1. Tell me the residue from Ile247, Ile299 that is within 27 Å of Leu91 (Cβ to Cβ) and within 16 Å of the ligand (Cβ to nearest atom), please.
2. Please pick out the residue among Gly316, Gly312, Gly325 that is within 24 Å of Val264 (Cβ to Cβ), modelled with pLDDT of 95 or more, outside any helix (DSSP H, G or I) and within 12 Å of the ligand (Cβ to nearest atom).
3. Checking the structure you have, find out if any residue of segment 133-150 is crowded, with 16+ Cβ neighbours inside 10 Å, over 30 Å from Arg81 (Cβ atoms) and away from the ligand (no atom under 15 Å from the Cβ).
4. Give the residue that is farthest from Ala302 (Cα to Cα), with candidates limited to residues of segment 221-277 that are among the charged types (D, E, K, R) and exposed (fewer than 12 other Cβ atoms within 10 Å of the Cβ).
5. For the structure I just gave you, tell me whether Asp263 is assigned to a loop (DSSP other than H, G, I, E, B), closer than 24 Å to His52 by Cα and either more than 16 Å from the ligand (Cβ to nearest atom) or among the acidic types (Asp, Glu) (or both).
6. Of all residues in segment 193-229, which are part of a helix (DSSP H, G or I) and touching a residue at least 40 places away in the same chain (Cβ under 8 Å)?
7. I'd like to check something: does segment 188-203 contain any residue that is modelled with pLDDT of 95 or more and either over 20 Å from Ala237 (Cβ atoms) or of a type in the set (Phe, Trp, Tyr) (or both)?
8. Taking interchain pairs and intrachain pairs at least six residues apart, which have beta carbon atoms under 6 angstrom, with the first residue in segment 88-106 and within 20 Å of Phe172 (Cα to Cα) and the second more than 11 Å from the ligand (Cβ to nearest atom) and among the polar types (S, T, N, Q)?
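The values are calculated or read from the model by the stated rules, or taken from the named source; none is laboratory data. Everything quoted here is computed from the prediction, not taken from an experiment. Note that we place each Cβ from the backbone using ideal geometry, even for glycine, and neighbour counts take in every protein chain shown.
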Amino acid sequence: MARDSVSEQNGGSGDTAALRDAFGRAMQIGCAVGGRLPEVLSADERDLLLRHFGVLTPENCMKPGPIHPTPDSFHFEEADRLVAFADAYGLRVIGHCLAWHQQCPDWFYAGSRGEALTRLESHITAVAGRYRGKLQGWDVVNEAIADRGEGLRDTPARRAIGDDYVLRAFEFARAADPEAELYYNDYNIEEPGKRDRTLRLLEQLENAGARIDGVGIQGHWQLDQVPFDQLRAAIEAYRQLDLKVMITELDLDVVERPDCGADVSVLRSYTLAEDIYREGCPAPVLARQAEQYARLFEIFSAGGVSRVSFWGLHDGHTWLNSWPGPRTNHPLLFDRDCRPKPAYAAVLASAGRR
Ligand code: XIL
C-alpha cells in the first residue's frame, strides 16, 4: 500500500507530521535504539528516526555488562557511534544505565563493601566521564526498588555495599558528569505500593543531599491493562517532590504475558498457537491500542511529563518480540515497514486537543 493512503486510512492528513514537534518544547519524544548506528538502519528507518524522535536511549550498549565486560576492558565502540550519530543530527542522548542488577557481570560486586564501592566508582567515573558534557542525562540507578515487601530489591549491589549504594551511585555520577541530569528509573512505580517505596527512596536521596533531577517510569504496559488512574496519581506525587517525570521505555504489548512487570529475568515460551498475531495485528486490536495510547498521552501532557521515550523504533525493533519469549508483537506506533499505525494518528490527535 502506498504510504499516503496508509496515512489517510489512519486518519492522518496525508503526510506524517513529526511526533517530536507535536507536544511543543514541554515534552520531548524519543526512542530506544539497539545495534550500531547508522549501519544497521535502512534508509526508511533512518528517515523515521530522524523525523519523529528528538532524543535517543541506547537499548543495551551503555549497560554495565555490554560496556564493561571484564574488570580491565571497556567496550565503548557502539556507544561512541551512537553519541556521534546523535551529535551529527542534533539529537539528544540519555545514558542508560550506570547501576543495574541485570546485564551486569558477577565480578562487579564481588568482594568486600570497600572493593565493591571502589569498582562502582571506577565504572561510573570511566563511563559517565567518557561522555561528560555530551549527554542530556543518565539513568543512574535502574530498578532498585523491591517489587513486593519493603525497601530495596535484594541485589548483589545491595548485599555487597548496603542500601547506600544508590546514594553513592548518584554521587559518583554527579562527580563524573556535573552537567548531566541524573535520574532514578524503574518499572511499575505507578502501582501504589511500589510508588510509595519509590517516593521514600527519592526523599531519602534528596535529604542526603544527592543531586537527583528526575524519575523515569518505564511504561512497559499491556493492552487493556493500562493503570491510567494510578499513573495519573503517581505522576502528581513525583512532581510534588519537585522532580521531572519521564516515561522512559514506553510500549503497549498486544500479546498476553505473565504478570511480571518488566522483569527481564522472567522468561516463558510461546507455542505457535499462542503467537496469535504472527500474521499481523487485527484492526480492532490496533484501534484499542490507538485509543489507549491517546489516553496515555493525555495523561502525560496534563501531568507535565517532560519526556516520553518509546522502547524501540518500530514493531520490528522491539524487545517484546523476544521477551518474555519469542513471539510476534506490535507494541509501538510504527509497523515493521515503518508505516504509521492507528496509534500514531491517535497520539497526534491527542496533541491537538491539548
Ligand atoms: C532490555 C532490552 O530491550 C533487551 O534487548 C535486553 O535483552 C534486555 O533489556 N527495562 C530496562 C531496559 O530498563 O534496559 C530493558 O531493556 C527492558 C526493561
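1. Selected residue: Ile247, the only one of Ile247, Ile299 that is within 27 Å of Leu91 (Cβ to Cβ) and within 16 Å of the ligand (Cβ to nearest atom).
2. Values: Gly316 fails: within 12 Å of the ligand (Cβ to nearest atom); Gly325 fails: within 12 Å of the ligand (Cβ to nearest atom).
From the options Gly316, Gly312, Gly325, the qualifying one is Gly312.
3. Pass one, segment 133-150, residues crowded, with 16+ Cβ neighbours inside 10 Å: 134-147.
When the remaining residues are screened for being over 30 Å from Arg81 (Cβ atoms), the result is 145-147.
From what's left, away from the ligand (no atom under 15 Å from the Cβ): 146.
Yes, segment 133-150 has at least one match.
4. Narrowing segment 221-277 to residues among the charged types (D, E, K, R): 224, 229, 232, 236, 239, 242, 244, 249, 251, 253, 256-257, 259, 263, 268, 274-275.
Subset that is exposed (fewer than 12 other Cβ atoms within 10 Å of the Cβ): 229, 242, 259.
Working: Asp229: 13, Asp242: 16, Asp259: 28 Å.
Among those residues, the one meeting the criterion is Asp259.
5. For Asp263, the condition - assigned to a loop (DSSP other than H, G, I, E, B), closer than 24 Å to His52 by Cα and either more than 16 Å from the ligand (Cβ to nearest atom) or among the acidic types (Asp, Glu) (or both) - is not met.
6. Of the residues in segment 193-229, the ones part of a helix (DSSP H, G or I) are 193-207, 228-229.
Gly193, Lys194, Arg195, Arg197, Thr198, Leu199, Leu201, Leu202, Phe228 - these are the residues of segment 193-229 that are part of a helix (DSSP H, G or I) and touching a residue at least 40 places away in the same chain (Cβ under 8 Å).
7. Within segment 188-203, none of the residues are modelled with pLDDT of 95 or more and either over 20 Å from Ala237 (Cβ atoms) or of a type in the set (Phe, Trp, Tyr) (or both).
8. Matching pairs, first to second residue: Ile94/Gln136; His101/Thr155.
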